[in-house]
Amino acid sequence: MLSIARQIVEHTGAKVIAFDKLWVDKEKEQPIPKGDEGWEFIRKVGLNEVAKALSEGASVVYDDNNPRFEHREEVRDIARKLGIKETVIYLNTPMETIRARETTNKTTGERHEVELENFQKVAQDFEAPT
């Protein structure tokens with residue numbers, strides 16, 4: 001979990017729903033398809049968990065890269081429909097840091113391994129929040 005997410009959780013008691021952790025946990029239950037199909041499956045699981053936690057009265061930190069505006073809006077819409085205030089926190093993480101985390105993950109396995117083509121697609125499609 002990112003340190004900022006950890007700090008928010010420690011300060012607020014919110015529930016963390018982290019895309020990478022969901023992927024690792026679900027892959028223990030069943031193989032996750034590679035590429036877009038796997039990404040869409042885990043994203044759906046994450047959004048369902050966000051909706052469930054919020055509807056049960058929990059605050060949520062949804063830890064994902066949400067590369068496109070529409071992805072962030074999906075999460076925000078869940079909160080809005082429940083009448084809950086939502087906030088997007090954008091961390092402009094340097095590519096060197098991202099690559100270092102990727103290397104570390106090869107030994108820790110804390111995050112799922114992103115295929116190069118998917119990594120490049122996210123980097124290409126990324127829309128910084130404004």
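A few points about this structure:
- Segment 74-94, residues that are of a type outside the set (D, E, K, R) and either touching a residue at least 12 places away in the same chain (Cβ under 8 Å) or not in a loop (DSSP other than H, G, I, E, B) (or both): Val75, Ile78, Ala79, Leu82, Ile84, Val88, Ile89, Tyr90, Leu91, Asn92
- Residues of segment 25-49 satisfying the condition of being among the aliphatic types (A, V, I, L, M) and under 14 Å from Asp63 (Cβ atoms): Ile42, Val45, Leu47
- Selected residue (only one of Thr97, Thr108 is at pLDDT below 80, closer than 17 Å to Ser3 by Cα and exposed (fewer than 11 other Cβ atoms within 10 Å of the Cβ)): Thr108
- Filtered by the rule that a residue be under 13 Å from Phe126 (Cβ atoms) and of a type in the set (D, E, K, R), segment 51-91 gives Asp64, Arg68, Glu70, Arg72.
- Condition check for Lys81: closer than 21 Å to Thr108 by Cβ, out of contact with any Asp or Glu (no Cβ under 8 Å at 6 or more places or on another chain) and at pLDDT 90 or above: no
Quick grid of which residues meet (1) in contact with a Lys or Arg (Cβ under 8 Å, 6 or more places away or on another chain); (2) outside any helix (DSSP H, G or I); (3) farther than 25 Å from Ala128 by Cβ:
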site: Lys28; (1), (2), (3): no, no, yes
site: Ile32; (1), (2), (3): yes, yes, yes
site: Glu37; (1), (2), (3): no, no, yes
site: Ala51; (1), (2), (3): no, no, yes
site: Leu54; (1), (2), (3): no, no, yes
site: Gly57; (1), (2), (3): no, yes, yes
site: Glu96; (1), (2), (3): no, no, no
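- Residue count, segment 1-25 (criterion: crowded, with 17+ Cβ neighbours inside 10 Å and in contact with a helix residue (DSSP H, G or I) (Cβ under 8 Å, 6 or more places away or on another chain)): 6
- Selection of first residues in segment 22-51 that are in contact (Cβ under 8 Å) with a residue 40 or more places away in the chain and on the phi > 0 side of the Ramachandran plot and of second residues that are part of a helix (DSSP H, G or I) and of a type in the set (A, V, I, L, M), restricted to Cβ pairs under 9 Å at least 6 apart or on distinct chains, gives an empty result.
The values are calculated or read from the model by the stated rules, or taken from the named source; none is laboratory data. Just so you know, these numbers come straight off a predicted model, no measurement behind them. Please note: Cβ atoms are built from the backbone with ideal geometry, for glycine as well, and neighbour counts cover all protein chains shown.
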